Every structure is written in structure tokens, then in C-alpha cells.
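The values are calculated or read from the model by the stated rules, or taken from the named source; none is laboratory data. If you're wondering where the values come from, they're calculated on a predicted model, not measured in any experiment. Neighbour counts are summed over all protein chains in view; Cβ atoms, including those assigned to glycine, are modelled from backbone coordinates with ideal geometry. Heavy atoms of the whole protein, side chains included, go into the accessibility calculation; ligands, DNA and RNA do not. Shrake-Rupley method; radii C 1.70, N 1.55, O 1.52, S 1.80 Å.
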Amino acid sequence: MKLAQLMAIGLTVGTIGVSVATVSADEVRDGSTAASVTLKGGELTFSEIAPTIAFEDITLTGEAKTVGTKAIAELGINDYRGVDTFWDLLVKETPTDKSFSEQGLQIKLSPEIDNNGIAQDVVVSSENEIFAAGKRFETKVNLNPTLDVPKDLTAGTYATTVDWTLKPAE
């Protein structure tokens, strides 16, 4: 009797095993997995600031003059904030007794900007003024500065500081 029971159990297990194998081979199983990521905004920064704006030397002749620079003056801006809003670029001259504007000298910027930015000509003064705006990724601003020199200045070397402010547009 024990032998008959063992044979019956063996046949049952064998049949179940064959039946499971044939059913799973014919079926298609679908599944899905959710994927997500969080993108954090980066920074709005200068990638490059012209270290100097060196204007051409001037010989006084009793006439007012306008001169350009000895080299290209550029600013580089990186906007990795991950937003589709503009930034503003402002300029001003540090006000001192010896600043260009206090001596009658005027720096004019006629900027050219890439990456669909916008820019406008400006005379640099002691007041912050927006002269360029842009958004997203890397942008170059060629300042194209010129210097207006009045006819009645005293010979000598003049120097000033130009300050740049980069900020999100309001």
C-alpha cells in the first residue's frame, strides 16, 4: 500500500510540474516601473569679467575726442538656474573725487550680446543702470566701450572703477 501511495504522489507531482511549464511558456507578462528625478537650479554667475578696459592714448589738441579701446572688453554670464526668466546686467562707476565722470570723461558702452539677449547703449555714471538682459545658459557681452574726452583736461593718467551687477530680472 505504501508503494501505491508513493506512485500516486509521484504521478500527481509530475503532472502538476508539466502543466505549470506549458502554461507559463504561452503567456506574455507586462509590467512597468516609475522613474523620477529632481532637477535643482544652478547659479547665475559671471564666467568672465574683463580685467581692464584700456583706452587708446590721447594727445591733447584743444579739441574734444572720442577713443576706443586697445583690446576687446567682454563679460561672460552663465545662467544655470533652470528657469525661463531673464537676468539683468547693470553698470555703474564707483563715485570718487578722481572718477572719470568727476573729471569730465564719459565711458559709453554699445554692447553686443549673443544668445538672443538684449542690450542698449549707455553712458556709465555713478548710478546703476541696466544695459543688458538675457536668459539661460552661456552668454557673451562685448561691451564695445568708447571714451569721450573733453578738450580742456589736464595731461596725466586717469583711472576709475566700473562695477557690474548681475541679478535676476524683476
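Annotations for the structure displayed:
- Total residues in the stretch 121-153, condition assigned to a loop (DSSP other than H, G, I, E, B) and within 21 Å of residue 52 (Cα to Cα): 8
- Scanning the stretch 29-76 for residues that are assigned to a loop (DSSP other than H, G, I, E, B), open to solvent by 70 Å² or more (accessible area, probe 1.4 Å) and within 30 Å of residue 168 (Cα to Cα) yields a total of 9.
- Residue 161 vs. criteria touching a residue at least 40 places away in the same chain (Cβ under 8 Å) and among the hydroxyl-bearing types (Ser, Thr, Tyr): yes
- Scanning the stretch 72-117 for residues being under 14 Å from the mean Cα position of the chain (by Cα) and free of Cβ contacts under 8 Å to residues at least 24 places away in the same chain gives a total of 1.
- Selection over the stretch 105-122 of residues that are in contact with a Leu (Cβ under 6 Å, 6 or more places away or on another chain) and open to solvent by 40 Å² or more (accessible area, probe 1.4 Å) gives a count of 0.
- Filtered by the rule that a residue be open to solvent by 40 Å² or more (accessible area, probe 1.4 Å) and in contact with a helix residue (DSSP H, G or I) (Cβ under 8 Å, 6 or more places away or on another chain), the stretch 126-158 gives 126, 158.
- For the stretch 81-101, a residue qualifies if it is more than 11 Å from residue 149 (Cα to Cα) and surrounded by 14 or more Cβ atoms within 10 Å (Cβ to Cβ), and the qualifying residues are 81, 86, 87, 88, 89, 90, 91, 92, 93, 99.
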